[in-house]
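Read through the structure below, which is laid out as structure tokens, and then see the notes.
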Amino acid sequence: MPHPHDAQAHDATPLAVDRRRFVGYVIGGATLVAAADLVLDTPAASAEVPTLPQPAELYDLNDMLTDAARPTANLITVTINEDGTAGFELPRAEVGQGITTSTAMLIAEELDLPVDRVRVTLAPARPELLFNQLTGGSNTTIATYTPIRVAAAVARAALLDAAAIVLGDTVAGLVAKGGVITARDGSSVTYGDLAVKAAGSVGSRAVEVELKSEAEFSVIGTPTNRVDALAAVTGQKEFTTDLAVPDALPTMVCRAPTLNGTPVSVRNQAQVEAMPGVTHVAQVSTGVAVRAATFGQCIDAVRALDVVWKAGPVAGESDATILRKVRAAQLPMPKLPDTPLAQTVSGDFTFWFRSNSPMDTNSAIADVRPDGATIWAGLKSPIVAQQRIAEKLGMSQDKVKVNVVTAGGSFGRRLFFDGALEAAEISQEMGAPVKLMWHRADDARVGRTHPLGTCRVQATVSGTNVLAFNQSLTCVETDFRHGLGEIITAAAADLPAGVGNLGFAETIFALTQEVPYDFGAVTQTLVETDDRFNTGSMRNIYSPDVRVASELVVDRLAAKMKMDPYQFRRKFQRNERLLTVLDTVAQAGEWGRSMPAGTAQGIAIHKEYKGVSACLVEIDTRPATTGRQIRDAVTGPRVTRVTFAIDVGLAINPRGLEAQMQGGINDGIALALTSSLHLRDGHFLEASWDNYFYTRQWNTPPDVRVIVVPSEEKVPGGAGEAGVAATFAAVACAYARATGTMPTQFPINHDQLSFEPKSFVPPVPQSPDNGLELTS
Amino acid sequence: MPEQTFIVNGERVTVDVEDDVRLLWVLRDLLGITGPKYGCGINVCKACTSHVNGKAFNPCAVPVGKLSSDDEITTIEGLPGEVAEQQRGANGLHPMQEAWLERDVVQCGYCQPGQIMAAVALVNRVKAEGRQVTDADLDTIRNICRCGTYTRIREAIADGASRM
Ligand code: FES
Ligand code: FES
């Protein structure tokens, strides 16, 4: 492929002339291929940051991810096909967050093509992209907004040039609309007809384009339905386990009765190999793998295996012992004054382990041969996956082809590649292609968990002022070995003063956390301990826990000053956009309306990823509600109404943004009220969706209103995680006000085990056989 | 190996497989019908929800040997065939699928075939009782959606019911 920088070297035009003028490329191809480089965006944010305000206000995690993408990004290309469609390979993972739709919208906007004629697929691992193929931190739209539009604008310019020749008019006389270019004399030609004519010859040529102004937008900002919805509602949308890769037979793993225990030997290998459908049984590093004609026969084989195990690193441990270790690692909090003139309000909260298991369990297809390997999986960091898999297989990285498949949810989990790595090892060991699927029990018990932690808060009040606000989070270590770590290492030198020399976790903490109130001297610290668990963040890293602890204490401060919680938040607010979302929910959600005893409102705010949000909930904790009997379920208090306002910056697709907020609301409710993992005797107990109580229909609020506040910001913000923190905090505050008791652990029901744990040996439950008696 | 015969999406099929293999795997792994999804294998998550003789059921909990040759299985792929052609919508789909599209319910989509199949069965049941779908009916749906699309599911069921 010709190197675009050669073309650029001959071109004296500066990369960015003004905010809307950029240079892209037409590169050689059978049909028109237009390209852009991420280097074209604005210069990196200043690294000079004064000690106040907090780092995250001036330079946040997203700035770091975007800056990391800048110098390393190679080309992203928009191709015009002969059928008149535009094709684009997105170097990110679609996991349900809607980025294929928003990306199609950006291309449709600049190309003047209907959204349904833009085909966005997922790029396989492209090692040359280095840091620019990581889907995380709600960063996709922020980092790709300009380059994708530039590539599309270059394509449009090339189409217009070609059309001018075909139609015998000047470019100025042409009008492009809906994939058709019309000349002044009424003659016209379609993009499809021009696809070959507009193609670049050998080499590449630089093209300067001007992006549309906001006033010209007709697609961006218009509520648009998902491009993959039709496939999804007809069962045609393909996830990893739906792919038909030749000979990749169903494969499952029998796992140890303690977390991360390892196999020593198999006592009955021959007997299991002889079971119906079974083709292979192989001991691997994580357990004993079985391959069979159907997954049902894999389950039978896993259950039949008799394995000698070596206990895992947390054997014998429980929630209580881990919490004790975390508490032992806590830093002492500064001693604040507590006198009649300066009183200290404090809170100490525990957040239990939570599972980020999505619906689509860890799965991967691997076809490993002596001379190379091919992998298919839902991967948010495919380049790191490719490196680690190559290492494991003893191959060079270029021998491992890693395909990125759309995934059924992520919530942080698909930043890791546990399934892909395991599938590769199994395929190599068996000498056959495998379609590995984790059983739900494995996905919940062995899959990654959001770390257990404590969050302590102290605030000093004097009269009507808050003089100091200290917050200290201590938790089990979060694993960042999925590429974010490498980004931090690489970006360290460019980070704001005082941040660059911290460890990974502390860097991310400093870049994401802030106390969005005028609270005098603010400090926030993070301590991590204990690296024995399989961890990862769940739909946001530290914010949900930090915000809950803050907002509960904010309500206490308001009470101390005898102020209404909403008015208190207004008084100490220094950010205009936050004030707007706060006022919006207070008004739309009827803050302060009279409610019966046992029910209450709660209100909270959050700021992250260039966006601000506020949430007002109503909760019902009366016995008639908490006492609802539903089999194998947690009912408990019910959030009955949610009003959520978000200013995300420029909202590319308001309908998608609303959907993300609705999802985040259900996550926030689950974190507050129902969902956690219980560690007992070295393993997590939860093995089913009727053990791990994510929000269900009987928990979800019947009345949910999401308001996308018109933004003054001209650039998009992140959306994937923004809904969780404010909701979680508002539910906690509402619960405290309804019951008169501030909760100190989350979820509030953690102490009560609401299910009968399933067996550990065998590690997966057998499927029932009474389904025909339960039709409805 | 025993021969298993039943009807799926209007077509009679015969598969060679042991009696105790659950129908979900027969559909997915042997017949390549992948609309019904695996989410638990123990009749909890409802991602595999399909219809047997017009009623909702979960193929992960049915050994294939328990089906008779006249049992009619409908998966999401065959759902449009459950209504007469003139009842299908703009995309040629079942009214509930059309409502799902219009309301843009789907996020990752993994749970959605099961959600739609459960919704159709719920509405059929409620209609047979001569009444409208209530909030209390919606609260009984056990299908889990980890993306949290519950709000739009509730709206789409009301919409779909009015079209059915
Ligand atoms: S897979 Fe059948 S109910 Fe979960
Ligand atoms: S749409 Fe993702 S699980 Fe329901």
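The values are calculated or read from the model by the stated rules, or taken from the named source; none is laboratory data. None of these values were measured; they are calculated from a predicted model. Here the Cβ positions follow ideal geometry from the backbone for every residue, glycine too, while neighbour counts run over all protein chains shown. Areas reflect the complete protein model, heavy atoms only, side chains present, ligands, DNA and RNA absent. Shrake-Rupley method; radii C 1.70, N 1.55, O 1.52, S 1.80 Å.
Take the accessible area of B alone and of A alone, subtract that of the pair with a 1.4 Å probe, and the total buried over both chains is about 5900 Å².
Comparing the full protein assembly with the isolated chain (1.4 Å probe, heavy atoms, ligands and nucleic acids excluded), the residues of the stretch B:1-49 losing at least 50 square angstrom of accessible area are B:ARG22, B:TRP25, B:ASP29, B:TYR38, B:ILE42, B:VAL44. For q values of 0.13, 0.19, 0.21, 0.26 Å⁻¹, compute log₁₀ I(q)/I(0) with the Debye formula on a Cα-only model of the stretch A:583-672, without solvent. Rounded to two decimals, the profile gives -0.52, -0.95, -1.08, -1.37.
Peptide B:55-63 is shielded by partner chain Cβ atoms: per residue, an average of 6 of them sit within 10 Å of its Cβ. In terms of overall dimensions, the C-alpha atoms belonging to the protein assembly as shown reach 84, 76, 63 Å along their principal axes, ordered largest to smallest.
Once you reduce the stretch B:15-70 and the stretch B:102-149 to the center of their Cα atoms, the two points are 20 Å from each other. Compactness of chain B is given as radius of gyration and Dmax, 15.6, 48 Å, from Cα positions. Contact-buried residues of the stretch A:407-427, at a threshold of 40 Å² lost accessible area versus the chain by itself: A:PHE411 (1.4 Å probe; DNA, RNA and ligands ignored). Greater than 28 Å separation of Cα atoms is the criterion. Which listed pairs, A:LYS177/A:LYS197; A:LYS392/A:LYS758; A:LYS380/A:LYS607, meet it? Distance filter (> 28 Å) returns A:LYS392/A:LYS758.
Of the solvent-accessible surface of the stretch B:5-164, computed with a 1.4 Å probe over protein heavy atoms with every protein chain present, carbon and sulfur atoms account for 43 percent. Take each residue of peptide A:659-671, count the partner chain Cβ atoms within 10 Å of its Cβ, and average: the result is 4. Solvent-accessible surface of the protein assembly as shown, taken per residue with a 1.4 Å probe and all protein chains present: 34 Å².
When a 1.4 Å probe is rolled over the protein heavy atoms, the share of accessible surface on the stretch A:290-380 that falls to carbon and sulfur comes to 56 percent. So which residues in the stretch B:126-158 end up with at least 50 square angstrom less accessible surface once the other protein chains are there, compared with the chain by itself, probe 1.4 angstrom? Buried by 50 Å² or more upon assembly, which counts only protein chains, are B:ASP139, B:ARG142, B:ILE144, B:ARG146, B:TYR150, B:THR151, B:ARG152, B:ARG154.
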